[in-house]
Amino acid sequence: MAERVALIDYGAGNLQSVRNALKAAGAADIAVTADPDVVARAERIVLPGVGAFAHCMDGVSGIDGMIAALEQRVLRDAAPFLGICVGMQLLADEGVEHGSTKGLGWIGGTVRAIEPAPGLKVPHMGWNDVTLHGAHPVVETGEAYFLHGYHFDAADQAHVLATTDHGGARVAAVAKDNILGVQFHPEKSQSYGIAMLARFLEWRP
């Protein structure tokens, strides 16, 4: 029986593109869902996100029982979890866009603005290198598609799995046990992204 992947629908994120990419990567049972009970029974969980940190966090926490279901399934049951773009940023303790907003707090850090500088375009948009800082079964060195104006400032560098260079090193991926977050968009990263999602579907943390 195919493992069920819960793709969380909280009103933010290009869900159809992520769903299509997961399907192309080999996922046979994808539940696009805002139902905490579905999340609580899923074998794997994907949290997408585009836009502002506060808006996305409000969307997730605004679904009755969703945070509790995520904490049970991911933190206690150790189901493989993937956060994409703002879905990765929500793993942090807080985001400081439009004031301070509390995040999930699963991986210590603060999401801060990329400060504009001469010759540096903000948001960071387009293809850029993903440079690994340690081995991981899911993420590999390569080139991926980024679109973000805020970056994950990790409290512990041990959780920084990969970086990209945009006016200095920026977090491209964070990892902790069964939790993985990527700043880039695998669904927009062509063969690199599909291969990464395929490895996520096979991941046994």
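Please report the spacing between the Cα centers of segment 77-144 and segment 163-205 in Å, no decimals.
After rounding, the separation between the Cα centres reads 9 Å.
Rounded to the nearest 5, what is the percent of antiparallel bridges among the DSSP beta bridges in the chain?
Antiparallel: roughly 60 percent of the beta bridges in the chain.
Exactly which chymotrypsin sites (Phe, Trp or Tyr not before Pro) in segment 110-205 are in a DSSP loop and have at most 16 other Cβ atoms within 10 Å?
Loop-located and lightly packed - 203.
Sort 204, 4, 199 by accessible area with a 1.4 Å probe, largest first.
Values: 204 160, 4 85, 199 55 Å².
Order by accessible area, largest first: 204, 4, 199.
Under 20 Å between alpha carbons, and skipping anything fewer than 8 positions from residue 176 in its own chain: which aspartates and glutamates qualify?
Counting by Cα, and skipping residues close in sequence, residue 176 has these aspartates and glutamates nearby: 43, 71, 77, 93, 94, 140, 153, 156, 202.
What does the helix-only formula give at 222 nm for the chain: each DSSP H stretch with n ≥ 4 adding -39500 (n - 2.57), the total divided by the residues, and the result rounded to the nearest 500 deg cm²/dmol? Could you put the intermediate results ahead of the total?
Numbers: 6 runs with 47 residues, N = 205.
Helix-only estimate at 222 nm: -6000 deg cm²/dmol.
Got a number for carbon plus sulfur as a percent of the chain's accessible area, 1.4 Å probe?
49 percent
If you take the beta carbon distance between residue 68 and residue 127 as r and set R0 to 25 Å, what does 1/(1 + (r/R0)^6) give as a FRET efficiency, to the nearest 0.05?
Details: r = 38 Å, r/R0 = 1.52.
Using R0 = 25 Å, I get an efficiency of 0.05.
Could you work out the equivalent-ellipsoid semi-axes for the chain, taking the square root of 5 times each eigenvalue of the Cα gyration tensor, largest first, in whole Å?
Equivalent-ellipsoid dimensions as semi-axes: 24, 19, 15 Å.
Averaged per residue, what accessible surface does the chain expose to a 1.4 Å probe, in Å²? Intermediate results must be reported in sequence, preceding the final value.
Numbers: 8750 Å² over 205 residues.
Heavy-atom accessible area per residue stands at 43 Å².
Quick check for me: using +1 on Lys/Arg Cβ and -1 on Asp/Glu Cβ, what's the dipole size of the chain about its Cα centre, in debye to the nearest 20?
260 debye
Could you tell me which GluC sites (Glu not before Pro) in segment 136-205 are loop residues by DSSP with no more than 15 other beta carbons within 10 angstrom of their beta carbon?
140
Please list the three semi-axes, largest first and in whole Å, of the ellipsoid equivalent to segment 102-205, using sqrt of 5 times the eigenvalues of its alpha carbon gyration tensor.
Calculated on Cα positions only, the semi-axes equal 22, 17, 11 Å.
The values are calculated or read from the model by the stated rules, or taken from the named source; none is laboratory data. Since we're looking at a predicted model, the values are computed, not measured. Cβ sites come from the backbone with ideal geometry, for glycine too, and all protein chains shown count toward neighbours. With ligands, DNA and RNA removed, areas are computed over all heavy atoms of the protein, side chains included. Shrake-Rupley method; radii C 1.70, N 1.55, O 1.52, S 1.80 Å.
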